[in-house]
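The structure appears below as structure tokens.
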Amino acid sequence: MKLFISLVFLLFTFSSLAQINIVAVGEAELELSRVEVGKPILNGGVTGNYISNASTIMDVVRNDFSFYMKKFSVNKNLTSITGDINYSSFKAQGISYVIRGEFSQNSSGLQVTLSAHDIGEGERIISEDYTYQGNNPREISHKFSHILYKKITGEDSIFNSKMIFVSDRHGTRSNPVKELYMMDFDGGNKKRLTRHGGTVISPAISHDGSKVLYSLIKNEKSKHRNINLRVYDLKTGKNSLVSSRNGLNSGAVFMPGGNSILLTLSHVGNAEIFIMNLNTKALTRLTNSYSPDVDPSINTDGSIMTFLSGRAGKPMIYTMDMRTKKVKRISFVGKFNATPRFAPDGKTIAFSSWLDTRFDIFRIDSDGNNLARLTKDFGSNEDPTYSNDGQFIAFSSQRVLSRTKAVQNIYIMDNDGEIIGSVTENFGNCTTPRWTKLL
């Protein structure tokens, strides 16, 4: 069970499962656009690491479009596409788009030209030039993929987005350490952000992607270790204390505008949800219940908050109208629930529920209708977070390897529960992913 839930809900006695009907999300017949990505075309004089960098750029473009499985069918292998584009031949093969990359080397670095061709229209629809100087070839791929995806669909993609997560890779059983990390949406370019030597929990990223809230439990011998709230500035690399009131200072998320946050505090004797002005540190209390109210999330326009409460006798999902302060219970599934998170459009909420001896991910409309189970028979699954376009959900999944060993990694599925794959591996136990809100 998650550390945060065990801290807050230790006194709850869990009752039997609610008798409701849970449906799985069905599959629809889809017409996919076939995409062919070419091997890098090396125009004389490309040497050394630049050769492998060119292959990486094309591989990442191919992999990017593979995530949108409901829109594109992408050849798993890079193919040889040289000379002029033979539109009639590709059309006969049922291919919709061809992507090519040409590479040359000069004193400025690796010169990259990435282009895409609409086979049905018989024309090149995009061509982008980049200079690579040995820093991050994946960045070029994600930029191009995003531009092309928007050209084809008219919508934003996930390709430029990042994920924040927690890993214990630098800790041991006798000295547990969990720190904050950041990576590309697909697991590339992992970067360690904090070095507290303690336990980081409950990260949340700002809407503009510039700051991360998180709570810290210091590794110290004390019966009353405080859980303090901190903020990390992704631009400067500095972190600072936000709240250290007695007890819990956790479960915080940014409100729209970024000047205020929602957070859970227990200095009043019970865990309750407050609004804090980040400039003045002034508090506005939102909940006042006999049972713990924790783990808030808020929709994009700030009109509805969802949160976890034990007022029904076990932790379940509730919503609050931020204007009227009216509270409504919306979940009735499982022995207890955790980590409700709004989709970007505010219409649905993803959460985890303890059911059938493990956590699974569910999705429900913000009004409590249309409950759907997204994971089943796939380990124990927690901490859902929506992508910026609302089409994907990242989550942490635990696999039991033996009686004494288990491993947690971060996976991505689409909004209908189809698992795409893991984005962490051999990087310690990775938990609590949080997807950037904006590009």
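The values are calculated or read from the model by the stated rules, or taken from the named source; none is laboratory data. Just so it is clear, the model here is predicted, and its values are computed rather than measured. For neighbour counting, all protein chains shown are included, and Cβ atoms are generated from backbone atoms with ideal geometry for every residue, glycine included. When the accessible area is computed, the model is the full protein with side chains, heavy atoms only, and any ligands, DNA or RNA have been set aside. Shrake-Rupley method; radii C 1.70, N 1.55, O 1.52, S 1.80 Å.
Structure data summary
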| read-out | value |
| --- | --- |
| Farthest positive-ward along segment 201-314 dipole, Cα basis, beta-carbon charges - from 204, 252, 270 | 270 |
| Aspartates and glutamates with Cα under 17 Å of residue 235, excluding same-chain neighbours fewer than 8 positions away | 184, 208 |
| Estimated dipole of segment 265-358 in Debye, rounded to 20 [Cβ of Lys and Arg +1, of Asp and Glu -1, Cα centre] | 200 |
| Anisotropy class of the chain from Cα gyration tensor, a/c 1.5 cut | prolate |
| GNM flexibility winner over the chain from 137, 315, 384 (Cα, springs under 10 Å) | 137 |
| Helix axis angle, 49-66 relative to the chain longest principal axis, alpha carbon, degrees | 60 |
| GNM result for the chain, Cα springs below 10 Å: residue of 189, 299, 429 fluctuating most strongly | 189 |
| Greater than 27 Å apart at Cα, pairs in 150/347; 238/281; 76/347 | 76/347 |
| Cα gyration tensor, segment 260-335 - rounded (a/c under 1.5), prolate or oblate | oblate |
| Carbon + sulfur, % of accessible area of the chain - ligands and nucleic acids excluded, 1.4 Å | 45 |
| Quotient of Cα Rg and 2.2 N^0.38 Å for segment 326-375, N being how many residues it contains | 1.08 |
| Surface accessible to a 1.4 Å probe, per residue, for the residues of segment 183-277, Å² | 42 |
| Cα-centre dipole for the chain with unit charges at Cβ (Lys and Arg positive, Asp and Glu negative), debye to 20 | 2180 |
| Rule-of-thumb Rg ratio for segment 286-428 [Cα; 2.2 N^0.38 Å; N residues] | 1.06 |
| Residue pairs, from the table 335/376; 39/151; 151/191, whose Cα atoms sit over 19 Å apart | 39/151; 151/191 |
| Segment 131-247, dipole about Cα centre (Lys/Arg Cβ +1, Asp/Glu Cβ -1), debye to the nearest 20 | 580 |
| Mean residue ellipticity (222 nm) of the chain, computed from DSSP H runs ≥ 4 via -39,500 (n - 2.57), nearest 500 | -3500 deg cm²/dmol |
| Two-decimal Rg to Rh for segment 117-272 - Kirkwood Rh, Cα set | 1.11 |
| Leading residue at positive end of dipole, the chain (Cβ point charges), from 54, 415, 146 | 415 |
| Prolate/oblate/rounded call for segment 199-279, Cα gyration tensor, a/c under 1.5 rounded | oblate |
| Between 0 and 90°, nearest 10: helix 137-153 axis offset from the chain longest Cα axis | 90 |
| Percent of alpha-carbon pairs separated by more than 21 Å within segment 38-128 | 33 |
